[in-house]
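Working notes, beginning with the structure itself.
Each value in this text was obtained by applying a stated rule to the coordinates, not by laboratory testing. Remember, it's a predicted structure, so these values are computed and weren't measured experimentally. FYI the Cβ positions are ideal-geometry reconstructions off the backbone, even for glycines, and counts take in every protein chain you see.
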Amino acid sequence: MQTSALERFLRYVRIDTRSDERSPTSPSTPGQLALLNLLVSELHAVGVADARVDEYGVLMATVPSTTSRPGIPTIGLIAHVDTSPEMSGDDVRPIVHRRYDGRDLVLPDHPSAVLRAADDAPLASCIGDDIVTASGLTLLGADDKAGVAAIMAAAEYLMAHQEIPHGPVRIAFTPDEEIGRGTAHFDVARFDALCAYTLDGGGRGELEVENFSADAMTFTFQGFNTHPGYARGRMINAIKVAADFLNRLPPGEAPETTAGYEGFAHPYVVDAHVDRTSVKVLIRDFETDRLRDRERGLDALAHATVADHPGATVCIDVEESYRNMREVLERHPEVADYARQAIERVGLAVRQKPIRGGTDGARLSFMGLPTPNLFAGEHNFHSRLEWVSAQDMDKAVAVIVELCRVWEERAR
């Protein structure tokens, strides 16, 4: 299946949609609204009449049912329009490397930025494909404009092929996923779907139904500051107390030493002062019970640390981030099963793996909308080496179409 996904993708990535966590608005940046409004216009052009963006920058639309069978459930397709603030998204210049032959891809605006098949197994598997990169000065924006393009191309295809039987298909494009606000204003009741699928994953055939459970802990170490010239016996340096705590963290339970289903504790922000020093730590595990065990262990470690520094104290706060969507999806096995069938129908092997991070689908699942994640062809997220295969995007479109068929066929 050749679709309009590549054409659309090349258009979308030229719009700077970086999100900004410092902004109080939703969307957090005007570029996101510009893309959302363009998507509304394009949906109207292919006949999706109800497409609109709400006051928070959430676009919702409906591809109407074509089946004569009653009671077919409504399913949803979701992607986010923002790109990571970690890398420039201004003046993205996409390059299509036609029929990639396996040679090194040197990005012309930054010659030291080179994609090598020898170092990138997914790229090596895409020899013969049309590979899209940026020019080397920016990210590409495949995360998640590849997903946006796939959903838009699928909507166009379904509207043009009314002979394909399917139930109602709801579409949503959200802002600010990259700064953790993707579902902040998502109205699950208004979306009105039985389940949904985010299109925000990697190589062809990938299906993700589980992710980390995650919390954030803040350890605030209180010391005592005084003039350093007269500090003997009086000063309690909270920076040193915090450093002692950090040195006690188990080295085998860090992001740089774990993989697969292993969890970790990751200190990522330190606000250091002699009188008071705070340390923010990300806690991750695929089992929520083990997440709590990790937190209890770190609580004990922090108190043991201050016990070795007489006069120091510690205050600990825990903030819930998200939970493993598997806890919800295992109660609705057909949602992932139908996705597997759709992937296999387009001639792909299903590649199921855990997400060592979070996803809007996790939050939506716990909001009452079971939402696993499907591939969109994204690779090297958030970097100048980001790339996508046009054929992978077309495969994602084909999977969407088959997924709509499967839900119509399997409905009782």
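Cα centroids of the range 131-180 and the range 184-237: how far apart, whole angstrom?
27 Å
Please compute the length gained on full extension between D119 and E55, using 0.36 nm multiplied by the number of residues separating them and subtracting their Cα-Cα distance.
Result: 18.6 nm gained on full extension.
Roughly speaking, what is the centre-to-centre gap between the range 352-412 and the range 263-305 when only Cα atoms are used, to the nearest Å?
Between the Cα centres of the range 352-412 and the range 263-305 lies a distance of 32 Å.
When 1/r is averaged over all different Cα pairs and the result inverted, which Kirkwood radius in Å belongs to the range 73-151?
14.0 Å
When the distances between all Cα atoms of the range 51-114 are binned every 5 Å from zero, what whole-number percent does each bin get?
That works out to 3, 9, 12, 13, 11, 12, 9, 11, 10, 5, 2, 1, in percent per bin.
Using alpha carbons only, what's the Rg to Rh ratio of the range 133-172 with Rh from Kirkwood?
With Rh from the inverse mean 1/r over Cα pairs, Rg/Rh is 1.19.
Given H placed on each backbone N at 1.01 Å, which residues far from V314 in sequence or on other chains put an amide H within less than 5 Å of it?
Amide H to amide H, under 5 Å and 5 or more residues apart or across chains, V314 pairs with Q222.
Rounded to the nearest 20 debye, what is the charge dipole size of the range 83-138 about its Cα centre when +1 sits on each Lys and Arg Cβ and -1 on each Asp and Glu Cβ?
Rounded to the nearest 20 debye, it is 200 debye.
For a label point 7 angstrom out from the Cα of R69 toward its Cβ, which stretches of the range 391-412 have the backbone nitrogen within less than 20 Å?
399-412
Assign unit charges at the C-beta atoms only (+1 for Lys and Arg, -1 for Asp and Glu), then state the dipole size of the chain relative to its Cα centre in Debye, rounded to the nearest 20.
Roughly 200 debye, rounded to the nearest 20.
For the range 320-412, taking Cα atoms only, what is the radius of gyration to one decimal and the Dmax to the nearest whole Å?
Looking at the range 320-412, its Cα Rg and Dmax stand at 14.5, 47 Å.
What list of ³J(HN,Hα) couplings, whole Hz, do you get for the range 219-231 from phi and the Karplus terms 6.51, -1.76, 1.60, once you set θ to phi - 60° and write x for glycine and proline?
9, 10, 8, 9, x, 8, 10, 7, 4, x, x, 10, 8
Straight-line reach only, C-alpha to C-alpha below 18 angstrom: list the lysines that K145 could link to, leaving out same-chain residues fewer than 8 apart.
Those lysines meeting the cut-off are K395.
Amide H of D130 versus every other amide H placed in the peptide plane: which residues, excluding those fewer than 5 positions away on the same chain, fall under 5 Å?
Hits under the 5 Å cutoff: R99, Y100, A390, Q391.
Using only the Cα atoms of the range 291-332, what do you get for the radius of gyration and for Dmax, in Å?
16.0, 53
Taking only the C-alpha atoms, wrap a convex hull around the range 125-241 and report its volume per residue in Å³ as a whole number.
Measuring per residue, one finds 266 Å³ for the Cα hull of the range 125-241.
Nearest 10 degrees is fine. How inclined is helix 390-410 to the longest principal axis of the chain, computing both from alpha carbons?
For helix 390-410, the angle is close to 70 degrees.
Above 35 angstrom, tally the Cα pairs of the chain and express them as a % of all pairs, no decimals.
34 percent
List the relative contact order of the chain as a percent without decimals, with contacts defined as Cα pairs under 8 Å and 6+ residues apart.
24 percent
Provide, as a two-decimal number, the C-alpha radius of gyration of the range 252-359 over 2.2 N^0.38 Å, N being how many residues it has.
Ratio of Cα Rg to 2.2 N^0.38 Å: 1.49.
Quick one: give the max-minus-min coordinate of the C-alpha atoms of the range 225-294 along each principal axis, largest first, in Å.
Here the spans come out as 51, 19, 18 Å, largest first.
Between helix 238-248 and the chain, what is the angle of the helix's C-alpha long axis to the longest principal axis, kept within 0 to 90° and rounded to the nearest 10?
That helix lies at roughly 60 degrees to the long axis.
How large is log10 I(q)/I(0) at q = 0.12 Å⁻¹ when the Debye formula is applied to the Cα atoms of the range 8-73, each weighted equally and without solvent?
-0.42
Order of 232-244, 383-395, 292-304 by packing, highest average Cβ count within 10 Å first?
Highest mean packing first, the order is 383-395, 232-244, 292-304.
Determine ³J(HN,Hα), in whole Hz, for all residues of the range 323-338 in sequence, where each value follows from phi through the Karplus function 6.51 cos²θ - 1.76 cosθ + 1.60 and θ = phi - 60°; x replaces Gly and Pro.
For the range 323-338, the Karplus-derived couplings read 10, 5, 5, 4, 4, 8, 5, 5, 8, 9, x, 5, 4, 6, 4, 5 Hz, x marking Gly and Pro.
Over the range 187-317, one equal point on each Cα, no solvent: what is log10 I(q)/I(0) by the Debye formula at q = 0.09, 0.12, 0.15, 0.17 Å⁻¹?
Normalising to I(0) and taking log10 leaves -0.40, -0.60, -0.78, -0.91.
Taking the Cα-to-Cβ direction at A216 and at V269 and moving 7 Å from each Cα, how far apart do the two end points lie in nm?
0.5 nm
Using θ = phi - 60° and the Karplus form 6.51 cos²θ - 1.76 cosθ + 1.60, what ³J(HN,Hα) does each residue of the range 22-29 get, whole Hz, x for Gly and Pro?
Values per residue, Gly and Pro as x: 7, 7, x, 8, 9, x, 7, 9 Hz.
Could you state the orientation-averaged shadow area of the convex hull built on the Cα atoms of the range 108-185, in nm² to one decimal?
8.6 nm²
Mind listing the long-range amide H neighbours of R323? Cut-off is under 5 Å, sequence gap 5 or more, other chains count too, H placed in the peptide plane at 1.01 Å from N.
Residues meeting the criterion, in which the H sits 1.01 Å from N, are A214.
In degrees between 0 and 90, to the nearest 10, how far off the longest principal axis of the chain does helix 30-45 point, with axes built from Cα atoms?
20 degrees
What FRET efficiency comes out for A259 versus D317 if R0 is 35 angstrom and r is the Cβ-Cβ distance? Round to the nearest 0.05.
Between A259 and D317 the formula returns 0.75.
What translational diffusion coefficient, in µm²/s and rounded to a whole number, does the Stokes-Einstein relation yield for the range 1-122 at 4 °C and a viscosity of 1.567 mPa s, taking the hydrodynamic radius as the Kirkwood radius over Cα pairs?
The calculation lands on 73 µm²/s.
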